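Engineer: Next up is a structure, given as structure tokens.
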Amino acid sequence: MTKKRTGVFVCHCGNNIAATVDVARVAKEMSAEETVVYSQDYVYMCSDPGQNAVIQAIKDNQLDSVVVSCCSPSLHEKTFRDNATRAGISGFTCEIANIREQCAWVHKDRDVGTEKAIKISRSAVRRAGRNQSLEPIAVPVTRRVMVIGGGIAGIQASLDMANAGLEVLLVEKQATLGGHMLQLSETFPTLDCSQCILSPKMVEVSRHPKITVMTYCEVQEVSGSVGNFKAKILKKPTFVDPEKCKICDDCTQVCPVVVPNEYELGLTARRAIYIPYAQAIPASYTLDEDACLGLNPIRCGKCKDVCEAEAINYDMRPETVVEEVGAIVVATGFDLYGQENLGEYGYGKVEDVLDGLQFERLCSASGATSGHVLRPSDHKVPKDVVFIQCAGSRDPAQHCAYCSKICCMYTAKHASLYKHHVPDGRAYVFYIDIRSGGKGYEEFVQRTMEEDGAIYLRGRVSKLYRHNDKIKVLGTDTLTGQNVEIDADMVVLALAMQPSKGTADAAKVLKIGRDKDGFLAEAHPKLKPVESVTAGIFLAGAAQGPKDIPETVAQAGAAAAKVIALLSQATLSHAPTVARVRRSHCTGCEMCVTACPYHAIRLENGKAVVNEVLCEGCGSCTATCLRAAIEVKNATQMQVFEMIEACLA
Amino acid sequence: MIDVQSIRDAARDLLAKGEVRAVIGYQRGSRGMLAEPVTITDPEQADELVWDATCFHNLALYLVEDRKALAHAQRTPNLPIAIVAKGCDARAIVVLMQEHYFKREDVYIIGVSCEGGGVLVEYKLARLLNGAQALSAVIDGAELVVTTLAGEVRLPASEVMADRCLECREPFPKEHNVVFGEDQTSRQLVAPFTALARFEALSEADRWAYWCRQFERCIRCFACRSVCPMCYCDECVVDSITFPVAPETTAEEKANRIRWIERSAVRSENITYHMTRAMHLAGRCIDCGECERVCPVNIPLRLLNNKMEREAREHFGYEPGASIGGPSLVASFRDDDPGQFIR
């Protein structure tokens, strides 16, 4: 084998690297390496002149491999690999030595920094010395998308993608689309009716020829990778044939079982057979298997007897379907932080202490009280209502450390709505501070205070308890320094938003990361806000972090745009740095098969075989194999060994 | 107490009926008291089999040797091979099957429960006998019955038994085709990991000094590796001399062999060897203690493997050799792993 001809390019990154690392010395030391025939340093390697210098040097010196000592490969690896390709050599012969994040930024001493930068660069040179000239693998693309979650985020993303011509599969766990937005009464800051703006979109989704809606379904397993995912979806039985169901409501009239209505957040009850609400999509009833007396004509069977359309079928069974999609959008939304966690506010056991969503239902014209604000315990009009912001938010000691972002606005909305419903009532709002950044938001809060006359008290509520038919609320007004005691008829908690249980499940199934609070982790907080860390899986809505409707819709649109861009390619190029099996060393112990997170390895005649299209080159198999029988191309045992040697030298 | 005759009858029966091609068991050794491994193929030989407190050897090793010999001869036998297996041996067999080294139907397991006993340690016995020559040693309940030239001596079994037997959590071979003896899994002679806990009570500096001393003495005879049924790789990653020469190995790779560990038996290389071995045995070592028994310079190797075993148990609730179909420790993860450091 002829000796490699490697070029080393050391970047100053302005002062980012050059302040702590003697870059000229790094370049000089590298030129002494056996395989290095060219080395230089430059102020900004990633600038246009910098890149051109790389290309020119490759051509002028017949370089066959390149090392760029600069920032993290997550930033500019692609840039420099593209440069290598443009200069006519394989992009995979280019290695990045990270001397910024892993060196310059963590050291203060220039000598120490320089020594380390030399070692890092030298190890990259050794690795590059054994890199193969690989070419990307072309992978066909499935031009279908799966959207998980049928709330506003999922609906918006589905519509945007379907309108661009992609086939969309919209999977929703509940019996109907709509999510939390459908439970809202009005939306801030314009106070337009939530259902009225959402239901047209739901109708559009259900009628769209490119969208298949799968309600009452759960994604159980996802395999494959970008461009070619395989999703196993569980269709839970509704026991009602939506084609036959005439929505006559005869069944609910005879059903003897009464359970709390989830859609109304327990403020009302429903039967075991039910339709969540009038505009439900699909427009059909669902028989709640857990609540039903037993799906058996001997035990009850009343609904089946009364159904003239013969739509009810007790013999429906769960069904699993496998769907192939090229990309996935996760829009699994939020849940409210549980009231039972808030001891200071009565663990959710004090009557007439409601959460924000329950209050929405009280204000909603379609709600249990037909839009009259009545307190649940005695159906009287509450005259003193206390709204408590940051219930569970911004409390790192006990609850969620983060700000739930939307509570300031929706509490202002609640106070405003309440005052519109009960003009002679008093609305008290306890707040830490008001965060109303957004178009028209600050003006809305000001209107609530000044025009609607809501009383804003800066401080926290320390305790509340039931006192006769009132709720005693003890708090502090930190602006006057006075203790405040209010005899309230009703209390509304602006509970923190937390990732929904479905979000946790989806993260598990999709093997995508979550942040410390459990929200789905984006690939980069600034530059890749809608991408998950796994290629081909995108994020939308409150599953990624607390956000309001406009932001959710914007993010859904962004995720859709990313999917459209991805799937508009005829083939995807897959990195060829995949695992390779040394058959003679493989004993077929199957450990790599189990360890592979991408299901890319299988046993064939007692030996491991890698599916190169599925393999992401993560190296889990290499780490697991006791016999060094499997290794990743361009990160071979030999390369790792020499890199270690270079660092220790 | 197990009647050795029942094991002999089972072996004779299997061979006579042609159900197995051989039986791996123990016979009386050439050094009087000690048992030694034997492979019998003739029903007549069944009476040579023995069962006593000197049956230390993990016979699973001979299943590995058998498979290697078959692979070398390119032969696929149509009959299984039978093996006498203690609790620990059976767990080793389970791990090997878990790793698909051989199939369940290829092995007929004659399980023998250690009941309340186990195997003895020669030096512990010698110390108690005060120089007397032992001719046989059998465990009877809580006592070890030793026959010496001067007559029978009864000693408390707990004082002569191996640490690993005292700490054993599963003296009963759960995986078996036939089994002799009572299932006394719940016995608690000494709490598991006692020896390890005693050692870990030392300070970090003392432990480091201790291991430096131990590994300075290692002569790299590889007896620990040779006796271990889990070390079945044809080529060991620590052998820089033979490492990877395969049909697809390039000439360049052959010329530049990776030497993770140098051949010289110096401390740094010895430490790397033993650490590598401990890591490769994590979740696979079933604590048969053979490595420690065969070490000619008495390095307490069991402590290393025990440490890994306890980590696996505490962080991941993992028990090696628990089930053939179960996932292996290093290749799998569960969302409910108790390990706090994994999220």
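Since every read-out is calculated from the coordinates, none of them should be taken as a lab result. Values in this document were obtained by computation on a predicted structure and should not be read as measured data. Note that we place each Cβ from the backbone using ideal geometry, even for glycine, and neighbour counts take in every protein chain shown.
Engineer: Using a 4.7 Å Cβ cut-off, which Cys residues in chain B lack a partner cysteine?
Structural biologist: Here B:55, B:114, B:165, B:168, B:212, B:218, B:221, B:233, B:236, B:285, B:295 come out as lacking a disulfide-compatible partner, given the Cβ-Cβ threshold of under 4.7 Å.
Engineer: Okay, next question. Residue by residue, what Karplus-based ³J(HN,Hα) values in Hz, rounded to whole numbers, does segment A:491-496 have, using 6.51, -1.76 and 1.60 with θ = phi - 60° and x for Gly and Pro?
Structural biologist: 10, 10, 9, 8, 5, 4
Engineer: Check which residues have an amide H placed less than 5 Å from residue A:405's amide H, if you skip close sequence neighbours.
Structural biologist: Answer set, sorted by chain and number: none.
Engineer: Among the DSSP beta bridges whose two residues both lie in chain A, what percent are antiparallel, rounded to the nearest 5?
Structural biologist: Of all bridge pairs located within chain A, approximately 55 percent are antiparallel.
Engineer: Which value in deg cm²/dmol, rounded to the nearest 500, describes the helix-derived mean residue ellipticity at 222 nm for chain A, given -39,500 (n - 2.57) per DSSP H run of n ≥ 4 and division by the residue count?
Structural biologist: Calculated at 222 nm, the ellipticity per residue is -8000 deg cm²/dmol.
Engineer: If one takes the longest principal axis of the Cα atoms in chain A, at what angle in degrees, from 0 to 90 and to the nearest 10, does the Cα axis of helix A:194-207 lie?
Structural biologist: Approximately 60 degrees, to the nearest ten.
Engineer: Using 7 Å Cα-to-Cβ label points, what is the residue A:298/residue B:202 separation (nm, one decimal)?
Structural biologist: A separation of 7.1 nm, rounded to one decimal place.
Engineer: Roughly how tilted is helix A:152-163, in degrees to the nearest 10 and between 0 and 90, from the longest Cα axis of chain A?
Structural biologist: Helix A:152-163 sits at roughly 60 degrees to that axis.
Engineer: What does DSSP give for chain B in terms of the percent of beta bridges that are antiparallel, rounded to the nearest 5?
Structural biologist: In chain B, DSSP labels about 65 percent of beta bridges as antiparallel.
Engineer: Could you name the lysines in cross-link range of residue A:302, using Cα to Cα under 26 Å and dropping any fewer than eight places away on the same chain?
Structural biologist: Qualifying lysines at Cα under 26 Å: A:235, A:236, A:244, A:246.
Engineer: With only Lys, Arg, Asp and Glu charged, each at its Cβ (+1 for the first two, -1 for the last two), find how big the charge dipole of chain A is about the Cα centre; round to the nearest 20 debye.
Structural biologist: My answer is approximately 1820 debye.
Engineer: Another question, then. In peptide A:583-595, how many Cβ atoms from other protein chains are near each Cβ within 10 Å, on average? Numbers along the way, then the final one.
Structural biologist: Working: counts 3, 8, 10, 1, 6, 3, 11, 6, 11, 1, 1, 6, 6.
For this peptide, the per-residue mean of nearby foreign Cβ atoms is 6.
Engineer: Let me ask something additional. Mind checking segment B:1-59 for GluC sites (Glu not before Pro) that DSSP puts in a loop (not H, G, I, E or B) and that have at most 13 other Cβ atoms within 10 Å?
Structural biologist: Sites meeting the loop and neighbour criteria: B:19.
Engineer: Within segment B:249-305, which trypsin sites (Lys or Arg not before Pro) sit in a loop by DSSP and count at most 15 neighbouring Cβ atoms inside 10 Å?
Structural biologist: B:259, B:263
Engineer: When the Karplus curve 6.51 cos²θ - 1.76 cosθ + 1.60 is applied with θ = phi - 60°, which whole-Hz ³J(HN,Hα) does each residue of segment A:215-226 get, with x for Gly and Pro?
Structural biologist: For segment A:215-226, the Karplus curve yields 8, 6, 10, 10, 7, 9, 7, 10, 10, x, 8, 2 Hz.
Engineer: Can you sort A:286, A:480, A:79 so the residue with the fewest Cβ neighbours within 10 Å comes first?
Structural biologist: A:480, A:79, A:286
Engineer: Output needed for chain A: three equivalent-ellipsoid semi-axes, defined as square roots of 5 times the C-alpha gyration tensor eigenvalues, in descending order, whole Å.
Structural biologist: Whole-Å semi-axes of the equivalent ellipsoid: 55, 34, 21.
Engineer: By a straight-distance test (C-alpha under 20 Å), which lysines pair with residue B:174 as possible cross-link partners, with residues fewer than eight away in the same chain excluded?
Structural biologist: Leaving aside lysines fewer than 8 places away in the same chain, those within reach of residue B:174 are B:86, B:103.
Engineer: What are the ³J(HN,Hα) couplings of segment A:29-43, residue after residue, when phi is run through the Karplus curve with 6.51, -1.76, 1.60 and θ = phi - 60°? Round to Hz, x for glycine and proline.
Structural biologist: 4, 5, 5, 7, 5, 4, 8, 8, 10, 8, 8, 8, 10, 7, 5
Engineer: What's the angle, to the nearest 10 degrees (0 to 90), between helix A:48-60's Cα axis and the longest principal axis of chain A?
Structural biologist: Orientation of helix A:48-60: about 40 degrees from the principal axis.
Engineer: Please arrange B:199, B:172 by how many other C-beta atoms lie within 10 Å of their C-beta, fewest to most.
Structural biologist: Final ranking by Cβ density, sparse to dense: B:199, B:172.
Engineer: Another question, if that's okay. Using Cα centres only, tell me the gap between segment A:94-141 and segment A:335-350 in whole Å.
Structural biologist: Here the two parts' Cα centres lie 51 Å apart.
Engineer: Scan segment B:127-218 for GluC sites (Glu not before Pro) in coil per DSSP, keeping those whose Cβ has at most 16 other Cβ atoms within 10 Å, and list them by number.
Structural biologist: B:182
Engineer: A further question follows. Do the sum for chain B: with -39,500 (n - 2.57) for every DSSP H run of n ≥ 4, divided by all residues, what is the mean residue ellipticity at 222 nm, to the nearest 500 deg cm²/dmol?
Structural biologist: -10000 deg cm²/dmol
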